[in-house]
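J.: So that we are looking at the same thing, I have put the structure below in structure tokens.
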Amino acid sequence: MVTSSILLEIQDTVEAYAGIMSKVAQIEVEVVDENLYRIAGTGIYAAHVNEDMSAEGYVYRHVLQTGNMEIIYEPGREELCKNCPKQNICREEIEISMPIRLGEKSIGVIGLIGSSREQKEQILGDESMYLELLEQIAGFISAKAAEVTELKRSKALLETLRCVISHVEKGILLFGKGETVAAANEAAKWQLSLDFTGDMRVAVTPTGDSLNHQNEYRIRIGDREYLVMGHMYDLDRDPDQYSRVLIFESTRAVRERYYEITNTVPPEGMTDMIGSSPQTRQLREEIRKVAKSTSTVLITGESGTGKEIVASAIWKASARKNGRFIALNCGAIPEPLLESELFGYVKGAFTGADPNGRMGKFELANKGVIFLDEIGDMPLYLQVKLLRVLQERKIIRIGSNRVIPVDVRILAATNKNLKEMIEKKQFREDLYYRLNVIPLKIAPLRERKEDIRDLVLHFAGRYAGLLEKKLVSISEEAMDCLCRYPWYGNVRELENTVEFMVNMMEGDGILDFRTLPDHLLERSEAGEFLQERELTERKILQLKELERQEIQKALCLYGEDTEGKKMAAKALGISLATLYRKLDQNSQNEK
């Protein structure tokens, strides 16, 4: 079986050079590759081309190994010939072997062979000329081998790049002259809905906006238009064939990635309305009806009542549940930064801005829901811009002139009395009526005490899981105390209290009066009830508890083996049988 080699791949060229060499030198020439396979031969060797000569090519093998030229003046009688099977019948008079190199590697040998006394004398008469000629021919063959090797490497690299380009997520358009696209990868075809079969005209113009480390471009294909984010690169080499390359991703993909980084969706399960009070049941029904609409909703209620939970419940029950839910607390962001958070800005929009620009919450919430919490804290000048967005459904990034249409449902919330603020000229009346299309009011927790038990159980289970604690039960006295507390901080205060209790819980897994925070016990109604109940139960259980404690103390002192129990019974003034009975009773009670 013939092993492939680079000289075998360029055999025609090697044979041509061997023929030229033979005619010029009037001497026989042969060429072998690195596997000692004869690639070319002239004269008596022409009939033996494409033969394996590894069994006799001792000199050639030595030249391949050393990379050095060898001259055999007495073939058959020199040291390198001693193992050759043709040592005693060699017809050669002189042999010059020159390595053919490719880089640092010998890829073959070219041999100049004199098979008569006349040819030997001819070579010896001008040996340096023959060596120079042989070296040049070896160089020509080596150059051709390098050219073919580089071509193969380039083709392999091109195929690898084509494979990589076809599988990268970003779109790539390779432009020829003008607006003609010469090539497009699979991502570009998918993002632009291209049925690409050859050269086609695609108009690409920058919008002038730059954000998130990328420039924005408008791509027009026929009557279709796309907005993408990316970079256009000019190609200097062979501009007549390829002029530019655009590497891009859709604006939608940028939004998706940015949304994943700044995800503000409430934790799983937090969109559920917990509680069984009439007010909560009515609120659930209102949410079900409101979710079907696209109108703006204004959620009102005291701080901590769960306005964001109501907003996210509307989102989850609506047709936009597969879109994004973006929450922004208007009172938590400094006034100078609020506008940029809402509408975004482009590169160089203002001093101190991120030099790469930033996408705003409205743009990020496109096709989804934006929740503006604490809307009453929004400054008046921004209220005007928000009113315009509500009316026109369009935004403009700070520092840009481009109008961006947005399809967003707005949910707003506040714990303030907006009507009083309107009278004080602190809130715009026209904005209020635009926001208050569908009003939803959340009752404070103290007005829906039936929800407290459900909320306590929910939060206790949740924080026991988060804190990796085993929750066994909640005592009735602790639950009654929690239900009697007025909860002026509403659900948020209740949640914080339950989290504190779970942290304070002992290894028995019971939430009881020992885990309640001090401020809860200090409240007159709840604290007095708990103290009264505790004192009552303490009068009934005091003797049993005292007995149990003394028995445990005696066992700890004397030991729990048979001898220790005898001594413990004696110290307690009871018989051993009575001790065993009481221990059994205590064990049954613990179960």
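The values are calculated or read from the model by the stated rules, or taken from the named source; none is laboratory data. Since the structure is predicted, the reported quantities are computational estimates derived from the model, not experimental observations. Cβ: placed from backbone, ideal geometry, glycine included. Neighbour counts: every protein chain shown. For the accessible areas, the whole protein counts, side chains as well, though only heavy atoms, and no ligand, DNA or RNA atoms are used. Shrake-Rupley method; radii C 1.70, N 1.55, O 1.52, S 1.80 Å.
J.: May I ask you to list the residues in region 395-410 that are farther than 11 Å from Ile370 by Cα and buried (at least 22 other Cβ atoms within 10 Å of the Cβ)?
T.: If the condition is that a residue be farther than 11 Å from Ile370 by Cα and buried (at least 22 other Cβ atoms within 10 Å of the Cβ), then Ile395, Arg397, Ser400 are the ones that fit.
J.: Looking at region 563-587, which of its residues are more than 18 Å from Leu543 (Cα to Cα) and open to solvent by 80 Å² or more (accessible area, probe 1.4 Å)?
T.: Glu563, Lys566, Met567, Lys570, Tyr580
J.: Residue check, Arg201 against (1) at pLDDT 75 or above; (2) within 29 Å of Phe343 (Cα to Cα); (3) open to solvent by 70 Å² or more (accessible area, probe 1.4 Å), all met but one. Which one?
T.: Every listed condition holds for Arg201 apart from (2).
J.: Right, here's the next one. Let me confirm something: among Leu466, Leu390, Leu431, which residue is surrounded by 15 or more Cβ atoms within 10 Å (Cβ to Cβ), within 39 Å of the chain's Cα centre (by Cα) and either over 20 Å from Phe343 (Cβ atoms) or modelled with pLDDT of 90 or more (or both)?
T.: Leu390
J.: Among residues belonging to region 11-35 that are open to solvent by 10 Å² or more (accessible area, probe 1.4 Å) and assigned to a loop (DSSP other than H, G, I, E, B), point out the one that is nearest to Gln119 (Cα to Cα).
T.: Among those residues, the one meeting the criterion is Gln26.
A quick yes/no check of all residues on (1) free of Cβ contacts under 8 Å to residues at least 60 places away in the same chain; (2) within 30 Å of Ser106 (Cβ to Cβ); (3) surrounded by fewer than 16 Cβ atoms within 10 Å (Cβ to Cβ):
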| residue | (1), (2), (3) |
| --- | --- |
| Arg162 | yes, no, yes |
| Phe175 | no, no, no |
| Val181 | yes, no, no |
| Ala188 | no, no, no |
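J.: Kindly evaluate Ile123 against the criterion of being out of contact with any Asp or Glu (no Cβ under 6 Å at 6 or more places or on another chain), crowded, with 21+ Cβ neighbours inside 10 Å and outside any strand (DSSP E or B).
T.: yes
J.: Taking only region 288-305 into account, find how many residues are within 16 Å of Lys441 (Cβ to Cβ) and within 35 Å of the chain's Cα centre (by Cα).
T.: 3
J.: So Arg320 clears everything in (1) in contact with a Gly (Cβ under 7 Å, 6 or more places away or on another chain); (2) at pLDDT below 90 except one condition, right? Which one?
T.: Looking at each condition in turn, Arg320 falls short on (2).
J.: Among the residues of region 257-270, are any among the acidic types (Asp, Glu) and at pLDDT 60 or above?
T.: For region 257-270, residues among the acidic types (Asp, Glu) and at pLDDT 60 or above: absent.
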